[in-house]
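The values are calculated or read from the model by the stated rules, or taken from the named source; none is laboratory data. Everything numeric here is computed off the predicted structure, so don't read it as measured data. Counting neighbours? That spans all protein chains shown, and the Cβs are built from the backbone with ideal geometry, glycine included.
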C-alpha cells in the first residue's frame, strides 16, 4: 500500500492498513479531484475490530459514569480545537458548503458530545421498592455490549457522533463503519478519541464497502446490537442479516417529509422555510422538506414565491462564502436525482424551476439545479419516493382533514412540518400526523436534548437525547428476598403441604 494512503481504520486505538492492499479515492464532488486515498477493510479487519471491542467492554462497562463523561468532554474539546480542519474535510468529501459544515455539522457534533458527557451520569430506571411483601426489586440499566454501527455519507461527522456518543456514554464499546466514500472525518474522530483518553478498543473504526465490511459487521456473532442510518431498502437488508442471529437493531431510515401549509399561514415564512428546508445539504437530508401541500387560494402565491426564491440560489464552489448550494455527493447521485425529475416530466408534471444539470464551470462537478415540480399526482413516484436531492414538489389541498391525510399518505414517517397561525389547527395536525418529529412554523432545526427518529418505514429507535441511551442499554430486574426464610410460601406449589 502506498505510504500516503490513509489507514483502513482504527482498531484498539491504532491505525490499521488494509490486509488486501485495496484502496479507494475520496473525491471532491465540486471538481472531481482526489482529496485522499484510504485503505479498504474487509471481513478480517472487522473481526479484529470486534475482538478489540469485546476485550475492552468489561472494563469500560465498569468505568464510573463520571469518568466516561470526562472522556466525552475531552473529545468535545479535541474536536473543537480542530473545528476548522473538520469543517474543511467534511466539505471536501461531501460537497456541502463550508458554511454549513462550519455553522451546523461541526458545532452540532460538539454540542452532542457535551450533552452525552452529562447524560452518561443520568441513566434512569424504575424506583427500587417492595412490589410484594417478601422481595425488594431493583432495576439496573446495563450496556448491551459491542455495538456495530454503520453511518451514512450525507452527514459523516454528525452521524458518526450520533452512533458513538450514546453507545459509549452507556458503557458499550463500538465498531463504526462510515460510508466508504466519506470516511475522512470519522478517521479524524478515531484519532481524537484516543487522544481524549478513551481506552484502546472502546471506539473502533473500519473503512470498508457495505456488501463486504458492512455485512460482516452486521452478521458478526460478537456484535450485540446493530445501529444503521441509511436508506429504507438497505435498512431492510440490515434487519434480514441481523434477524439471522436475533441481534438487537436500531434503524434511522429514509424520509419524505410533508410541509403542510394551511390557508392562514404567513406566506413569507412559508416560502423561505420551504426553500431552506428543501435545499439544506443540497436536499440530501432524510428530514428535508420534499412535499409541500398548500391549502386553497394560497397555492398560487406559494408556488410563485418558491420559484422566485429558487432563482436567487447561487451554486458554486462549496468553499466560497457566497455559495448557497454545493454539488451532490457524487455524479451517480446527481444522475439519480436527474432521472427522477426526467421521469416526472415524462409523466406530465410541470417543472417550474430547475430540472437540469447546469453547464459552464459547474459541469465539472456533481451539480443539479434546485428544482420545483408541480402537477404531479399524489401516487406518482416523485411524490412517494425519496429523491434525496434539491427537488421540491408542491400540491394543492382543500380541507384540513385532506391535508393531514395527504401528509400521512406515504410509507415514511420521519419528519413533517405544519404552517398556520391557528394554535388549534397546529395542535390537531401535530397530533394526527404520523411522524417522529413535527415542526410548527419551521422545518429542520434539531437540538441535542430532543430525540430524532421515525416510525413506519422510516425505522425505529431514537438518536440524540436521553431516549437514545435507552436504545443502547438493557433493563435488568434484580429481585432480592427480604425474609430470610429458607422455605418460601410459593414452594407449596411444588411440595404441597408437608410442614
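Structure notes:
- Among the residues listed as 335, 297, 342, the single one being within 17 Å of residue 358 (Cβ to Cβ) and over 26 Å from the mean Cα position of the chain (by Cα): 342
- All told, residue 182 meets the bar of being in the same structural domain as residue 39 (by TED's automatic domain parsing), surrounded by 24 or more Cβ atoms within 10 Å (Cβ to Cβ), in contact with a helix residue (DSSP H, G or I) (Cβ under 9 Å, 6 or more places away or on another chain) and within 22 Å of residue 283 (Cβ to Cβ).
- Within the range 195-212, not a single residue is touching a strand residue (DSSP E or B) at 6+ places or on another chain (Cβ under 7 Å), assigned to a strand (DSSP E or B), in contact (Cβ under 8 Å) with a residue 24 or more places away in the chain and surrounded by fewer than 22 Cβ atoms within 10 Å (Cβ to Cβ).
- Condition met for residue 302 (more than 26 Å from the chain's Cα centre (by Cα) and either at pLDDT 95 or above or closer than 26 Å to residue 435 by Cα (or both)): yes
- Every residue from the range 213-238 that is crowded, with 17+ Cβ neighbours inside 10 Å and in a helix (DSSP H, G or I): 213, 214, 215, 216, 217, 218, 232, 234, 235, 237, 238
- In the set (1) under 30 Å from residue 491 (Cα atoms); (2) in contact with a helix residue (DSSP H, G or I) (Cβ under 8 Å, 6 or more places away or on another chain), the condition left unmet by residue 108 is number (1).
- Pair list, Cβ < 8 Å and 6+ apart or interchain, from the range 17-45 residues that are more than 12 Å from residue 92 (Cβ to Cβ) and not assigned by TED's automatic domain parsing to the domain that holds residue 156 to residues that are assigned to a strand (DSSP E or B) and at pLDDT below 95: none
For (1) in the same structural domain as residue 303 (by TED's automatic domain parsing); (2) without any contact (Cβ under 8 Å) to a residue 12 or more places away in the chain; (3) within 25 Å of residue 304 (Cα to Cα); (4) surrounded by fewer than 22 Cβ atoms within 10 Å (Cβ to Cβ), each residue gets a yes or a no:
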{"site": "367", "(1), (2), (3), (4)": "yes, no, yes, no"}
{"site": "374", "(1), (2), (3), (4)": "yes, no, yes, yes"}
{"site": "394", "(1), (2), (3), (4)": "yes, no, yes, no"}
{"site": "433", "(1), (2), (3), (4)": "yes, no, no, yes"}
{"site": "449", "(1), (2), (3), (4)": "no, no, no, yes"}
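- Evaluated against (1) modelled with pLDDT under 95; (2) surrounded by 23 or more Cβ atoms within 10 Å (Cβ to Cβ), residue 129 falls short on exactly one condition, (2).
- Failed condition for residue 371, given (1) more than 23 Å from the chain's Cα centre (by Cα); (2) farther than 16 Å from residue 285 by Cβ: (2)
- Top-ranked residue in the range 2-14 [being in contact (Cβ under 8 Å) with a residue 24 or more places away in the chain and surrounded by fewer than 17 Cβ atoms within 10 Å (Cβ to Cβ); ranked as farthest from the chain's Cα centre (by Cα)]: 2
- Test: residue in the range 260-267 that is buried (at least 24 other Cβ atoms within 10 Å of the Cβ) and not in a helix (DSSP H, G or I): yes
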